[in-house]
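Take a look at the structure below.
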């Protein structure tokens, strides 16, 4: 499994006033076995259940606030 680390600065606000981060399918595949992990105060990753949306060649992870984290995915 591969991972991609992201920073809270990578999030943007969508039309529903939620924060989202965009990944391209070319980067992470279809996102079928996608795991989202949030970096906590202890510097450890914890799994979070977050809405994932797909549109054309993009996959969007939505959350109510931006956070540092990573996604784990099949290549």
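The values are calculated or read from the model by the stated rules, or taken from the named source; none is laboratory data. Note that the coordinates shown come from a computational prediction; the quantities given were computed from them, not determined experimentally. Because the Cβ atoms are built from the backbone with ideal geometry, glycine has one as well, and the counts that use them run over all protein chains shown.
Which ones in the range 42-75 are over 18 Å from residue 32 (Cα atoms) and without any contact (Cβ under 8 Å) to a residue 24 or more places away in the chain? Scanning the range 42-75 gives 42, 43, 44, 46. Listed by first and then second residue, the pairs linking a residue in the range 5-16 that is surrounded by 13 or more Cβ atoms within 10 Å (Cβ to Cβ) to a residue that is not in a strand (DSSP E or B), with Cβ atoms under 7 Å apart and 6 or more places separating them unless they lie on different chains, are 8/66; 8/67; 8/68; 11/66. Number of residues in the range 26-47 that are more than 10 Å from the chain's Cα centre (by Cα) and either at pLDDT 95 or above or surrounded by fewer than 11 Cβ atoms within 10 Å (Cβ to Cβ) (or both) equals 12. Per the conditions (1) within 11 Å of the chain's Cα centre (by Cα); (2) surrounded by 13 or more Cβ atoms within 10 Å (Cβ to Cβ), the sole criterion not satisfied by residue 51 is (2).
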